[in-house]
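Chemist: I have a structure I would like to understand better, so I am pasting it below and will then ask my questions one at a time.
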Amino acid sequence: MKPLRLSEIAEILDGEMVGSEDPLITGAAGIEHAKPGDLTFLARSSFGKALAASGATAVLIGPQQEVGIPAIRVSDPYEAFAVYLEQLQTDLDRVFPPGIHSTAVIDPTADVSLAAAIGPYSVIGPGTVVRAGSRLGAHVVLGSDVTVGGDCLVYAGVILREGCQVGNRVIIHAGVILGSDGFGYFPGAKGIRKIPQVGIVEIQDDVEIGAGTCIDRATTGRTVVGQGSKVDNLVQIGHNVIIGKACSLSGQTGISGSTILGDGVITGGQVGIGDHLELGAGVKAGGQSGISWDIPAGVDVFGTPAIDFRESFRMFASLRRLPELLRRVKRLEQMNDSGADGSAGSNQNEKGQG
Amino acid sequence: MKPLRLSEIAEILDGEMVGSEDPLITGAAGIEHAKPGDLTFLARSSFGKALAASGATAVLIGPQQEVGIPAIRVSDPYEAFAVYLEQLQTDLDRVFPPGIHSTAVIDPTADVSLAAAIGPYSVIGPGTVVRAGSRLGAHVVLGSDVTVGGDCLVYAGVILREGCQVGNRVIIHAGVILGSDGFGYFPGAKGIRKIPQVGIVEIQDDVEIGAGTCIDRATTGRTVVGQGSKVDNLVQIGHNVIIGKACSLSGQTGISGSTILGDGVITGGQVGIGDHLELGAGVKAGGQSGISWDIPAGVDVFGTPAIDFRESFRMFASLRRLPELLRRVKRLEQMNDSGADGSAGSNQNEKGQG
Amino acid sequence: MKPLRLSEIAEILDGEMVGSEDPLITGAAGIEHAKPGDLTFLARSSFGKALAASGATAVLIGPQQEVGIPAIRVSDPYEAFAVYLEQLQTDLDRVFPPGIHSTAVIDPTADVSLAAAIGPYSVIGPGTVVRAGSRLGAHVVLGSDVTVGGDCLVYAGVILREGCQVGNRVIIHAGVILGSDGFGYFPGAKGIRKIPQVGIVEIQDDVEIGAGTCIDRATTGRTVVGQGSKVDNLVQIGHNVIIGKACSLSGQTGISGSTILGDGVITGGQVGIGDHLELGAGVKAGGQSGISWDIPAGVDVFGTPAIDFRESFRMFASLRRLPELLRRVKRLEQMNDSGADGSAGSNQNEKGQG
């Protein structure tokens, strides 16, 4: 997090300096939170007003934008901001010191690349492979016959049970557990019987898995998280679930056993999905939705049980009018009764004649 | 996971060979996912069609079933399949190497059976007991005065705090935390005051607890999980909760303090149960139900707040007709107004006279 | 947990002995669960009946209360009970043995107070500070440049990533993870791109954080848990969330990124709060509420989406009458049709003629 001149940052971002000043930049923040020394960015939707109110020292702007403070012009200010943030990250060597720590317990039959980093007190089981460029934090436990591909980051306290397979450039955050037994029992002759869970978990390339998330091994075969998918914290993924490519599962989402998600599925926080279901590609489920049936590709759903989100919103809007509706129907009934006094065929009349 | 001849498997399962072939079996899978080399099973509800479409090499069949591929006839194909899966499990000695690892830190006052296995970097506190046949993975932390009964499996990263008691044949999956302080505070004279949590957690025989689940110690007395109950991943169980025997709690269920569950209670995923409630034996709560009051024995509930599931389904079905109902009532009101044209006292008339 | 005479307890609590007996007290429990040997307490709302049915040996009573068993009179029986429970707690030296365990791996540039306790296999990174009176359990991992203030309790298996700052008298329960990357991506030119998360987590004084809870580091700046707030187990707090002072978040609550909670906000279990929202001071959200918009200070909400709890309860009460309402409206429609017998064009008439 070394301070840089704005012109140095422009060079990193391959952007064009705007204005004659070249201030020292010491940090970064969104436009509302930026303080002096910070670089911020002007989103398409940002207004000059927000920038005027911001304490930012400099700003990343797009091709058509003009501002009154020192700036760097780039093609995509948000993407450039992300690239700049990379400069501010704690050096990886400080987070994952290089080399294999002397306290790591590595089975003699494991195959750990000399170009991998292994943190203190990590334990690597028999037959397990860790490829070049991967870094494991402290207290990581890899069971037997696990594979961790190249250039992965595996944070402290992660546990990968026997047989699990992790691809390349995967990021696994602290406390993640892969390969626990699936939740499978059946009523046997002598009481509840556990179904052995002999499958594995497969995490494909470029996946990121949030802290505390648990993904169960398959009963037989594989539980899969597809290439490029992002899973947030404290998510629960049951046995034999298949998650497609480039999905995004928000915090505390839960997916029951054997359910299949197509590519690009997005869930809000605390979404629950039943077992043996199929969600088509691109399905979006709003926060806390409870999905109880298959959802076709491209459909947005909300609610418990989850239905098309537009119907759900209409339903909720009507629902708020329900107490009033009850009163209106009561009035109609009274009008019908009293209005019908002189005429034949009203309920009351019929009763009176009954 | 050594390949076996079908006849060898028939012997293990005490089943009868059907057909003249004796293929080599290398794996197992459900009928839809089976590939060549796999043994599958024919459930009561399975159709020959599914088997015809399956790649399975052989199949477990019941007394009345006939198939066209190599088979083993058994009394219960599903139970036999589970028994066969046990053959495919990774050898326990590979997952939990026998013996006490040299890096384990064991308090001199602890009583660890020589017939127990203790993994690398596990820590066992003063006064703690681990009985024969139990296996602890790497990085297990048992606090002071803990008891782990016989023949338990305690996976990596499990933490049992001081005083907790675990019965026999209990399976505790990775990352489970037993005995954290309950969430108890009250407004004291000098601000929010913590209520000390001096009770324990008691896990009875044959319980299984899923990865990442947290069970709080009692304020005084015990938080209890009853004999044979199965708890899935990332479940939260509050202080002084009493869970009966043979319950099944699905992933991310949460139970607030001092609530009592009778025997055989079943919750779907993400169910929430309030504090100081009582659920009778055999209550079933559908996924994401939110339980706010006592539920009598044998009742199935659904929804938030949870009510009888049939009423809940009727309610939801009516709810989808609510926007239409609003239109219908509006039409009735208009008909009433216009139909009343000739009579006194209708709204419209009055307005017209106003 | 040494047995004490009631008179000894009276002295500790600065209370007045009532009755002539001085029994030996061996435990404590609420009035319903108390057994012989237990001390219990008489809440304002407790009745003599409950005490008569209780097995308690002695009871804490308030200024105006009279009972027929040995008692101690104090100004606030509940608070006195909490003070007595402190006597029953396992000695801290048994839970967190004093001193720095020989197996702890401490970076030479870390600054750990000699008056701190560090458990077995804990790992403390470069530049990290642990102040006097703080106790870390076994297997705690502090990354680089972390600060843990004075008199904190950090239970086993806690992971604090680089840069996180923890105040004084903070209690962090087992398995907590602070400072994981926030869940931030955007569609870049070459596919989904990760937004680097360069901020930190700040935990202020007197906070308590429950087992398994995950709090993400800010994208830039800080994710904050304010002074005196209490967070239960398995809670998920997203990047850049700001939680005020003296808040109480129950188990499995989830708060999405950049949301701000005022002081004294209370959430029930499994509450979900969307991103970029603002909840005013003193907002209370009932269990499982899903909050999708800002909530003004002092408002109580319930439901998904969460609305004023009174409206929500009215809505739910009306909802249970909805199936009946559908029938009533149908009858009104039929009456309108038949009541129109004398006029042209009613449905029924047409049918009659059909």
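Chemist: Treat each spin label as a single point 7 Å out from the Cα along the C-beta direction, and report the B:Asp22 to A:Ile192 distance in nm.
Modeler: 4.0
Chemist: Please give the FRET efficiency for A:Ala53 paired with C:Tyr185, using the beta carbon to beta carbon distance and R0 = 25 Å, rounded to the nearest 0.05.
Modeler: Values: r = 28 Å, r/R0 = 1.11.
Given R0 = 25 Å and the Cβ-Cβ separation, E is 0.35.
Chemist: Give the nm distances, rounded to one decimal, from B:Arg5 to the matching residue in every other copy, measuring between label points 7 Å along Cα toward the beta carbon; shortest first.
Modeler: 8.2, 8.2
Chemist: Find, to one decimal place in angstroms, the Kirkwood hydrodynamic radius of the stretch C:122-169, where the mean of 1/r is taken over every pair of different Cα atoms and then inverted. List each step's numbers first, then the result.
Modeler: Details: mean 1/r = 0.0982 Å⁻¹.
For the stretch C:122-169, the Kirkwood estimate is 10.2 Å.
Chemist: Could I ask something else about it? Where in chain B lies the longest segment free of trypsin sites (Lys or Arg not before Pro) that are both loop residues by DSSP (not H, G, I, E, B) and have at most 14 other Cβ atoms within 10 Å? Don't jump to the answer; show the numbers that get you there.
Modeler: Values: sites that count: B:Arg44, B:Lys190.
The longest such stretch corresponds to B:191-354.
Chemist: Within a Cβ distance under 13 Å of A:Tyr155, other residues only, what is the Lys/Arg minus Asp/Glu net charge? Before the final figure, lay out the partial values.
Modeler: Values: positive: A:Arg135, C:Arg161, C:Arg217; negative: A:Glu208, C:Glu162, C:Asp181, C:Asp216.
Around A:Tyr155, the charge tally is -1.
Chemist: Could you sort out which of B:Lys284/C:Lys230; A:Lys284/C:Lys190; B:Lys2/B:Lys35; B:Lys190/C:Lys245; A:Lys284/C:Lys194; A:Lys35/C:Lys194 sit more than 27 Å apart by Cα distance in this structure?
Modeler: Cα-Cα > 27 Å for B:Lys284/C:Lys230; rest within.
Chemist: Using the Kirkwood radius built from alpha carbon pairs, what does the Stokes-Einstein equation give as D for the stretch A:194-305 at 25 °C and 0.890 mPa s, in µm² per second?
Modeler: Working: Rh = 13.4 Å.
My calculation gives 184 µm²/s for D.
Chemist: Using bins 20 angstrom wide from zero, how does P(r) for the protein assembly as shown break down, in % of all Cα pairs?
Modeler: 12, 39, 32, 14, 3
Chemist: What's log10 of I(q)/I(0) for the stretch B:1-152 at q = 0.18 Å⁻¹, Debye sum over Cα points only, no solvent?
Modeler: Listed by q, the Debye log ratios stand at -0.87.
Chemist: Calculate how steeply helix B:322-339 sits against the longest principal axis of the alpha-carbon atoms of chain B, using the helix alpha-carbon long axis, and give the answer as 0 to 90 degrees to the nearest 10.
Modeler: Helix B:322-339 and the main axis of chain B meet at about 10 degrees.
Chemist: For the stretch C:200-247, what does the convex hull of the Cα positions come to per residue, in cubic angstrom?
Modeler: With only Cα atoms used, the stretch C:200-247 gives 55 Å³ per residue.
Chemist: Which of B:Val265, B:Val329, B:Val95 moves most in a GNM of chain B, Cα contacts under 10 Å?
Modeler: Judging by the Gaussian network model, the answer is B:Val329.
Chemist: Continuing with the same structure: Over 5 Å intervals from 0, what percent of Cα-Cα pairs in the stretch C:99-310 sits in each interval?
Modeler: Bin by bin from 0 Å, the calculated values are 2, 8, 15, 20, 17, 13, 11, 7, 4, 2, 0, 0.
Chemist: Considering only B:Ser134, B:Ser256, B:Ser312, give the residue with the highest GNM mean-square fluctuation for chain B, with springs between Cα atoms whenever their separation is below 10 Å.
Modeler: Taking springs between Cα atoms under 10 Å, the residue moving most is B:Ser312.
Chemist: Would you mind telling me which residue in A:Ser122, A:Ser75, A:Ser248 has the biggest mean-square fluctuation in a Gaussian network model of chain A, where springs connect alpha carbons within a distance under 10 angstrom?
Modeler: A:Ser75
Chemist: Now for a different question. Put a point 7 Å out from Cα along the line to Cβ at C:Pro296; what are the distances to that point in the other copies, in nm, shortest first?
Modeler: 4.4, 4.4
Chemist: Using only the alpha carbons of chain C, determine the length spanned along each of the three principal axes and report them from longest to shortest in whole angstroms.
Modeler: Sorted from largest, the Cα extents of chain C read 98, 76, 31 Å.
Chemist: How large is the Kirkwood hydrodynamic radius of the stretch C:4-89, counting all unique pairs of alpha carbons, in Å?
Modeler: Numbers: mean 1/r = 0.0816 Å⁻¹.
The Cα-based Kirkwood calculation yields 12.3 Å.
Chemist: Then there's this: What residues from the stretch A:64-103 fall in the zone where the backbone N is under 17 Å from a label point 7 Å along the Cα-to-C-beta line of A:Glu11?
Modeler: In the stretch A:64-103, the label zone of A:Glu11 (backbone N under 17 Å from the point 7 Å along Cα→Cβ) covers A:72-73, A:84, A:87-88.
Chemist: Kindly state, to the nearest 0.05, the FRET efficiency for B:Glu32 paired with A:Val299, given R0 = 22 Å and r defined as their beta-carbon distance.
Modeler: On the way: r = 24 Å, r/R0 = 1.11.
The computed FRET efficiency comes out at 0.35.
Chemist: Extent of the stretch A:109-191 along each principal axis, from alpha carbon coordinates, in Å, largest to smallest?
Modeler: 53, 25, 23
Chemist: 5 Å is the cut-off here: which amide hydrogens, built 1.01 Å from N in the peptide plane, fall below it relative to C:Val112, excluding neighbours closer than 5 in sequence?
Modeler: Those qualifying (amide H under 5 Å, at least 5 residues apart or on another chain) are C:Val130.
Chemist: Could you compute the net charge surrounding C:Glu8? Neighbours are other residues with a C-beta less than 13 Å from the C-beta of C:Glu8; K and R count +1, D and E count -1. Please report the intermediate quantities before stating the final value.
Modeler: Values: positive: C:Lys2, C:Arg5; negative: C:Glu11, C:Asp14, C:Asp22.
Residues near C:Glu8 contribute -1 overall.
Chemist: Also: May I have the extent of the alpha carbons of the stretch B:250-345 along their three principal axes, as whole Å values ordered from largest to smallest?
Modeler: That works out to 67, 23, 21 Å along the principal axes.
Chemist: I've got another one for you. Shortest first and in nm to one decimal, what separations exist between C:Ala115 and its copies in the other chains, measuring from label points 7 Å along the Cα-to-beta-carbon line?
Modeler: For C:Ala115, the other copies' label points sit at 5.0, 5.0 nm, shortest first.
Chemist: With runs of 4+ DSSP H residues as the only contributors, calculate the mean residue ellipticity of the protein assembly as shown at 222 nm using -39,500 (n - 2.57) per run, divided by the residue total and rounded to the nearest 500.
Modeler: Details: 21 runs with 201 residues, N = 1062.
Per the formula, -5500 deg cm²/dmol.
Chemist: Can you give me the Rg/Rh ratio for the stretch C:161-204, using Cα atoms for both radii and the Kirkwood formula for Rh? Walk me through the numbers before you get to the answer.
Modeler: Details: Rg = 14.5 Å, Rh = 12.6 Å.
Using Cα coordinates only, the ratio equals 1.15.
Laboratory data are not the source of any read-out in this text; all were calculated from the coordinates shown. Quantities reported herein were computed from a predicted structural model and do not represent experimental measurements. Using ideal geometry, Cβ is built from the backbone for each residue, glycine included, and neighbour counts are taken over all protein chains shown.
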